[in-house]
1. With θ taken as phi - 60° and the coefficients 6.51, -1.76 and 1.60, list the Karplus ³J(HN,Hα) couplings across region 26-33 in order, rounded to whole Hz; mark glycine and proline as x.
2. If I stretch the segment between Ile71 and Arg150 completely, what's the gain in nm (0.36 nm per residue apart, minus their alpha carbon distance), one decimal?
3. Figure the gain on full extension for Asp81 and Ala24 (residue separation times 0.36 nm, minus the Cα-Cα span) and round it to one decimal in nm.
4. Return the long-range amide H neighbours of Asp96 (sequence gap of 5 or more, or a different chain), with a cut-off of under 5 Å between placed amide H atoms.
5. Can you figure out the FRET efficiency of Glu46 with Trp158, using R₀ = 30 Å and their beta-carbon distance, to the nearest 0.05?
6. Could you derive backbone 3J(HN,Hα) for region 58-65 from the dihedral phi with the Karplus parameters 6.51, -1.76 and 1.60 (θ = phi - 60°), listing whole Hz in sequence and x where the residue is Gly or Pro?
7. Which whole-angstrom value gives the distance between the alpha carbon centres of region 73-92 and region 1-52?
8. Which GluC sites (Glu not before Pro) does region 1-109 hold that lie in a coil by DSSP with at most 10 other beta carbons within 10 Å?
Amino acid sequence: MAIVTIPAEGTVLTDESEIAKYLAGIGIQYERWEATHAVAPDAPAEEVLAAYGAEVERLKARGGYVVADLIDVTPSTPGLDLMLEKFKREHWHDEDEVRFVIEGRGVFHVQPQGGPVTAIEVVPGDLICVPSGTRHWFNLCADRRIRAIRLFQDPSGWTPHYTESGVDGDFQPGCFGPAYLPSQGAAA
Ligand SMILES: [Fe+2]
């Protein structure tokens, strides 16, 4: 399950329905997906895409996405630091940023119009759709691992437009993890 925090309000959300409701209110689609058949996190891309084929097709029809692929990042991925450098500064895109996490985790920070910055830590099983034009940035967690299905309306349109606001520097880039949760009695 994702962990959603609103730092300005000191709020932490960990309940699926509360998360989905809050995120819908700021224009972010959030769902939990189950594979139609068992698939290992390190299964070949075609197998992973087939296991989630029904969900992918449903999203394609709903959002006008034409291409689905699998991004696979590990600490040894060539050029990883350069790649992460592009993601971690506040930006927006001309099309939706749609990710379904298979393995690993990371944090999207979203700046909704007229609302406080919201951090969404995504984990395996989480589908997130950040609509076109939404200001956001992304960091991997300390293990620098993520494997995720991506959907595109137009792959060539997936260009970051940087805001250069510097707001990304005001927020912790790291992940929270289960130890962060107040319900588990740990503060950090
Ligand atoms: Fe982005």
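Since every read-out is calculated from the coordinates, none of them should be taken as a lab result. Computed from a prediction, not measured in an experiment: that's the story for all the values here. Positions of Cβ are backbone-derived with ideal geometry, glycine not excepted, and every protein chain shown enters the neighbour counts.
1. Once θ is set to phi - 60°, the couplings for region 26-33 become 10, x, 9, 7, 9, 9, 9, 10 Hz.
2. Full extension of this stretch gives 27.7 nm more.
3. Computed gain between Asp81 and Ala24 is 17.3 nm.
4. Ser132, Gln153
5. 0.85
6. For region 58-65, the Karplus curve yields 5, 5, 4, 5, 6, x, x, 7 Hz.
7. A separation of 21 Å, based on Cα centres.
8. Here the sparse-neighbourhood loop sites are Glu34.
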